[in-house]
Structure formats: structure tokens, C-alpha cells
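Structure first, commentary second.
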Amino acid sequence: MPRSACAAGAGSPSASVTWKADSVREVLRGTGFLLHVPGLMALLSLPIAGWAGEWWGAWGLALTAAVALISGQLLVWTTRGTDRLYRYQSMLIAGISWLLIAIIGAIPVFVSAHLAPLPTESVLQPFRQPSHAFFESVSGFTSTGLTVVAAASELPHHIQWWRSFSQWIGGIGVILLLLAVVPAERGAINLYFSEARDEKILPTVKSTVQTIWAIYLGYTLGAIALLWIVGEPPWRAVNHGMTAIATGGFTITDDSLMSAPQAVQLAYVPIMLAGAVSFLIHYRLIVERVSPRSLWQLVEVRVLVWVLLGGGLLLWGQRWLTVGGSDTLISSVMVWVSAMTSAGFAAADLSSWGDAALLLVLTAVLMGGMAGSTSGGVKLLRVGLLLKDLVGQLRSLRATPHEVVVLRYDGAHITPAQMASLGHTALRLVGIFMLLWLLGVFIMLHWLPADTRLAHVFFDTASALFNSGLDTGVVGPDLNAGAAVVLSILMLLGRLEVFPLLLLAAFFMGRR
């Protein structure tokens, strides 16, 4: 909460009560606006059920639309008041909205699982459990890609579409969708940043959001066209094009990309990389037409290139020495790019890989893509900050007492002290992520079978927290309900980068 708001309520209980009432009102109002998103998504998805002849599936979509739109509009109508949003309120809106949207997003798969005719009922059986329906919804909207479905190719078309659509919207962010279509209000900037975003492209939030959406739509159409050109069937090209640019990883095939021809697999690489690059970089290249060489001065760009090339070669070398074979290059490149971009497409069965190879892939999962992109992980920006901070500390230790140490960061000169401040901020968030990861592993070990490999538990838990989607077989139709809930919470924490959900928990515990 801003200092001014604290000061206003510090001396007077009535002022504090008023602030709390206004705060709750604005949080509920913002949440009401955002609940329209899954409602509109469900309405737009109804024609898919009709086109596929799956009219029984329309009930779940219609119920989703009714629940989301009615509850959302009631919240908007009953909470009229000031339009001013503090950063604290925006964080609460993000936390509550993402949780409720994930719950509402589970309605179509849950209802369809109970209404499906006999030939389709078996593949939807996991979704009869509320925990598994919620898990699939969270995995979709957080663009993670973990799934409890064993045979995605047998899913009804409207469920295939709903999974892909949720990842496509979730990849760019439900708040970003709202800000693109509603009138700008005071506090929009705080709402924009509450969804784990770090920078604006243009002076205003609305212009920034609309620019991001234009770029996103353009790349989505390009991705669909590319996949269709290389031989993917139209329906698969549409679904996979949406989930690839969102770096989500949901597929409508049973084995992800493992059985796809190598030429088709390679076509996914530029799409995944485009999704992992900051929208600011896309804007500068497409609109401002800057030279790609001029972007090399950006630390995050250099980290991306070196991690992509160095890590990919290292993984290929490890696989070649271990198993050999001419196909290790393509599969290694695909797995590395998929892990680094958080896309989650599997070109190999990771459950059969050794611990050394999994450890290499895990490093890519942890790092993720660029800040301001659709990918997960701790972000390459923070990795670059930590490396630069380390360089600054080493140079300071080697410097003479009268020597002035100056570092270059993104083309600017800064002191080691300034670099340390940035590095410590990044380190705090990375430390929180590591603690959550270890806590998640500890809890998961109590829910999983005793013979589950520890390396697999570490990997799949990290895949959930860092929104990767790659898995080693821990996640599946037989996943324990408790484990499904734990992984769902981790996916939400990772997508919002922890703080909105922590603030939400503190809010309900009565701590301001």
C-alpha cells in the first residue's frame, strides 16, 4: 500500500475502516471486470461444439459463460466508486482473478466429462475429479502445459479447442486482454504491472497493450500458417500454432511432438523462440526497424543467445556420448528450446533420460525466456543481472583503492553499487522461487507413490512452478488429487511471480 494511504489511515480507526472498505470495493470491481474474460471465451467457443456435432459439450460452455458473465457483471454493478487503484489492490485483483478464472475455466471439462457419450467418456474420465479439472484449467491459463490427459487426440474437439484457447489467452495474460478493450482508468498502470510485467513499450498503458496484442495476433497467424505449410493438418496447425506462440505446450496428439517428422519439429523452433522474446524487442524490430546488431548491447539478448547455443550444444554432446545416434541432435535441440522457452513440447521421452541430461534440461526450465514475453522461468533478465552483479563484485575486489570501477549494462555506465542493488532485487525473487520449489517437492513426496524417482519429482515440480510443461511421467491420469492441487498452486505462483498470491493470503489473514 502506498505511503500516503498508510499515513491517511494511521491516526484514525474510521479512516482505516473506510480505506479497507474502498479497497475491497475496488478489488471486487476489478475482479468483476476480469471474470468477463472466461465468459466471453466460452461464448466464442460454442460454435466449435456445434461445428463438431458435440452439442452435449455446449452445456458446459454455456454454464461457464453464464457463471462468469453474471457474477462478473454483478460485481461491477454493486461496487461502483472511485476508479483509483493502488499497487496493493492491483496485486489482489490479479491474485483473486487468476484463481477464480482457473476455477471457472474448469467448468467445461468437468461438465463434459459427466455428459460425454460412451465412446468419449473414457478419455474424459480424469476430469470427473474436480481437482483434475482444476489442474487442467490452471495448466492452460498459466500456459504451463502439464496435463492429466493420456490420449489428447481422442478428446472432443470443443475440449481440444478450450485447452488451446485458454493457453493462448493465458500466454499473453487475462489482464492484458481486459486493458486492451476497456477504457483506461486511473490505476491501469498498476494493474498492468501486477501480472508480472516489467516495462511499457509506449507512453500509455492502453497503447502498450494494444501494440502487444497486434504483435501477438500477427505472430499467431504466422505460426498457424507455418505449421500448415510444413504439413500439419489444419486443425492441428490452428491448435498447436496458438499454444506454441503462447509457449504453452498443450497438443492434440498423444505423444506431443515425438512422432512428428523432424522437419515439422524444427518448424516449431522459431515459433517457440518468438514467444520467448520480449514484446519490446519485437516492437523495436518490427515497428522501429532497428538493426538486430544494435540489440546485442542488451544483456538479456546476449544471455538468450549464449544460453540457447551453449546449452543446446552441451545437451546434444551429453546425449551423443550417452546414447549416440544421428537423431540426438534434433531431439536435443527441440528439448532444449522447449525447456528454455517454457513451451513444453516434448520431442523425446524424458522419463527414459538419465539424471545428468535431466539436470541440464532443468537449468533451462529454471532460467526460462525473456522478461515481457509469454515464457516462464525466473527470466533471463534476472540471470543477466546476477551475472553482471558477480562481475561487478569481482572487479571491485581487484580494484586499487583509488580506482573507479564502472560497469556497462544495456549500453549505459553504472557503478558496482547500482548493479548490486539490481542484483539483490533479482536474487530475492530467485531465492523465493527456490524455497517454493523445495517446499513443493517436500509436499509432493507425501502424495506420490514411494517408488517415484526423486529426480523426477524435482523435475516435474519445477516444471509446474516455472510454467514449463515438460514432464517425466509424474503427472498423468492417475495423479493423486492432493498432488494435483499442490502443482496447481505452484503453477499459479509461478505465473504471477509469487507476490499477488502471497498478498492475497495475507489479506485473508487480516494482515495489511
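The values are calculated or read from the model by the stated rules, or taken from the named source; none is laboratory data. Computed from a predicted model, the values in this text were never measured in an experiment. All Cβ positions, glycine included, derive from the backbone under ideal geometry; neighbour counts span all protein chains shown.
Points worth noting:
- Any chance residue 385 is of a type in the set (A, V, I, L, M, F, W, C), in contact (Cβ under 8 Å) with a residue 60 or more places away in the chain, touching a strand residue (DSSP E or B) at 6+ places or on another chain (Cβ under 9 Å) and in a helix (DSSP H, G or I): yes
- Test: residue in the range 117-139 that is of a type in the set (Phe, Trp, Tyr), over 18 Å from the mean Cα position of the chain (by Cα) and surrounded by fewer than 24 Cβ atoms within 10 Å (Cβ to Cβ): no
- Being at pLDDT below 80 and at positive phi is not true of residue 145.
- Count - residues of the range 339-369 that are hydroxyl-bearing (Ser, Thr, Tyr) and closer than 15 Å to residue 380 by Cα: 3
- Criterion violated by residue 68 - all others in (1) outside any helix (DSSP H, G or I); (2) free of Cβ contacts under 8 Å to residues at least 40 places away in the same chain satisfied: (1)
- Criterion (on the phi < 0 side of the Ramachandran plot, out of contact with any Pro (no Cβ under 9 Å at 6 or more places or on another chain) and at pLDDT below 95) met by exactly one of 202, 221, 227: 202
- Considering the conditions (1) modelled with pLDDT of 95 or more; (2) not in a helix (DSSP H, G or I), residue 150 is excluded by exactly one of them, (1).
- In the range 471-500, the residues that are more than 13 Å from the chain's Cα centre (by Cα) and more than 16 Å from residue 443 (Cβ to Cβ): 471, 472, 473, 476, 477, 478, 499, 500
- Some residue of the range 420-430 being under 22 Å from residue 355 (Cβ atoms) and in a helix (DSSP H, G or I): no
- Test result for residue 257, touching a residue at least 40 places away in the same chain (Cβ under 8 Å) and either assigned to a loop (DSSP other than H, G, I, E, B) or not aromatic (Phe, Trp, Tyr) (or both): yes
- The number of residues in the range 447-501 that are closer than 30 Å to residue 89 by Cβ and either touching a residue at least 24 places away in the same chain (Cβ under 8 Å) or outside any helix (DSSP H, G or I) (or both) comes to 20.
- Verdict on residue 49 being surrounded by 16 or more Cβ atoms within 10 Å (Cβ to Cβ), under 27 Å from residue 145 (Cβ atoms), free of Cβ contacts under 8 Å to residues at least 60 places away in the same chain and in contact with a Gly (Cβ under 6 Å, 6 or more places away or on another chain): no
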